[in-house]
Amino acid sequence: MTAPAKRRSCTLRAGIRVERGTRADWLALAPLHYRSHHAGAITDVFRMVYDVSPVVLPRGGARPAVAHPTTPVARRPSQAAAVGHDACSWRPRKAARRDEVAKWRCTTLAACVAVLVAAAGQARALQVPKPEEIVVVIFPFSSPDGDRTGRKFADSLRLRATRLNLVVVETLSLKEAMAGKPMPTLDAPVAEMAAILQNSFGAKIGLWGGEGLVMHVRGLNLNLAADKLTLSDTRTAGEPQLVNPIQDAVLLELTGRTKKPVPTATPEADAKVKTVGPELVRNGGFETGTKTPDGWQRLDGQTTFWVDGGVTGKCLKINTDVYHDEWVAWQKKVKAGARAEDAPKPTATSGAKYDTVAGIYGVAYDSAPIPVTPGKAYKVSIRYRGQSTDFFFPKLFIRGWADVKGEKRVVYDAYLALRCAKEGKDWESNVRICEIPTDTQSKIEYVVLKVYAYWPPGIYYFDDVSMKEAAR
């Protein structure tokens with residue numbers, strides 16, 4: 001018995017068609033839990049597409065030379081309303097089984113068509129053009145510690161790519177598409193990687209690499225060249241906080257996008273930048289308030305204090321030399337409404353002090369949200385006193401918040417390194433110009449300034465926190 005020929009597509013009504021899909025469609029559009037459960041049973045994939053001018057391909061015919069906006073390369077077609085699967089092969093079966101399968105297919109198709117008709121009507125009503133999506137396949141990075149560091153680096157890359165509005169193939173889809181084949185190594189040939197991207201993912205951009213604290217990165221963008229690497233570089237981060245901007249630079253270079261260059265700056269140069277408009281930090285000098293400074297979070301009375309002895313009056317005092325367990329127990333009571341003045345006196349610490357707040361979490365103290373405008377630059381400064389080492393020092397974080405799918409999330413993070421050259425004997429200062437980015441996953445609405453101290457364990461003082469719009 002000869003298996004029936006498979007139609008390439010059929011038109012349901014004007015602007016709606018069903019066409020045979022690809023593995024890339026299944027990986028991109030099917031729900032994660034559904035793919036995981038049915039991964040071994042899928043033999044055929046179809047997709048239903050809303051299109052202004054439907055295309056009907058003849059049986060056995062070739063696809064048009066011009067790529068359709070919902071081809072597998074797009075991975076997540078903006079106009080594809082649904083994707084389904086046929087878990088039954090075309091091999092001959094008993095008559096009863098064929099009837100059962102045919103009935104199931106008709107029922108499934110009818111339900112999907114109903115959804116598509118509604119989706120098509122909604123799409124016509126909105127007619128909102130969507131930006132072109134750039135798909136990136138980020139493979140696991142290798143590292144000498146059992147790939148633990150490499151996996152962490154790759155996961156961070158995926159997060160950064162998402163925040164740069166790139167479409168990232170998730171880990172489960174990646175493993176499924178590789179079908180048990182080994183992941184690419186640092187020295188994988190370009191031709192081999194091009195074949196993997198095209199045949200296994202229907203994508204054109206891939207990123208892979210490996211090694212330890214120094215990461216060797218390889219990237220291929222088939223849109224630019226198919227016979228040579230688009231990116232081959234070695235990136236070193238002296239501090240973990242530098243990893244994110246380095247990864248951003250890698251992703252932007254690989255995808256051919258540009259980011260506004262940031263000029264080399266120093267605190268001395270930034271201090272000379274003029275400002276316009278009013279002070280944006282409420283009570284940055286910690287001078288007003290009752291039991292807690294106005295415009296700042298509640299004090300806990302155990303690690304955060306409002307004291308005299310500031311540059312011109314009061315200031316913020318942070319103590320990180322408190323046992324972690326005692327601090328955690330008190331924080332639970334503070335969240336339940338306990339007052340700072342009722343805080344228990346901390347036990348005197350001893351030994352290496354790795355079990356203190358300084359050795360585990362550190363202490364953070366947040367300002368009230370400060371509205372900002374993406375694309376504008378702001379001059380942020382602070383005065384401080386305390387201890388530091390070559391690698392550990394207090395910081396002032398500038399964290400930008402945005403609404404991401406109905407949830408407030410941090411999409412921008414910068415900080416001032418508050419190195420204590422005077423070892424707490426006198427007040428020091430630092431300043432930085434921060435430009436609020438415009439290319440984040442969602443528009444930044446406001447920033448929160450986070451005063452942070454951790455190691456070495458001890459007492460830190462902060463005063464005159466300021467943020468003003470830079471006159472640029």
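Structural remarks
- Of residues in segment 142-201 being over 20 Å from Leu252 (Cα atoms), among the hydroxyl-bearing types (Ser, Thr, Tyr) and assigned to a helix (DSSP H, G or I), the one nearest to the chain's Cα centre (by Cα): Thr171
- Taken over segment 347-362, the criterion of being under 38 Å from the mean Cα position of the chain (by Cα) and assigned to a loop (DSSP other than H, G, I, E, B) is satisfied by Ala352, Lys353, Tyr354, Asp355, Tyr361, Gly362.
- Yes/no for Gly406 being assigned by TED's automatic domain parsing to the domain that holds Asn283 and closer than 20 Å to Phe305 by Cβ: no
- Segment 369-409, residues that are surrounded by fewer than 18 Cβ atoms within 10 Å (Cβ to Cβ), at pLDDT below 95, farther than 20 Å from Asp270 by Cα and not β-branched (Val, Ile, Thr): Asp390, Phe391, Phe392, Asp403, Lys405, Gly406, Glu407, Lys408, Arg409
- Test: residue in segment 209-221 that is modelled with pLDDT of 85 or more and aliphatic (A, V, I, L, M): no
- At least 2 residues being hydroxyl-bearing (Ser, Thr, Tyr) is the threshold, and among the strands (runs of 3 or more DSSP E) wholly inside segment 363-472 those reaching it are 377-385, 407-417, 444-453, 459-470.
The values are calculated or read from the model by the stated rules, or taken from the named source; none is laboratory data. All values reported here derive from a predicted model rather than from experimental measurement. Neighbour counts are summed over all protein chains in view; Cβ atoms, including those assigned to glycine, are modelled from backbone coordinates with ideal geometry.
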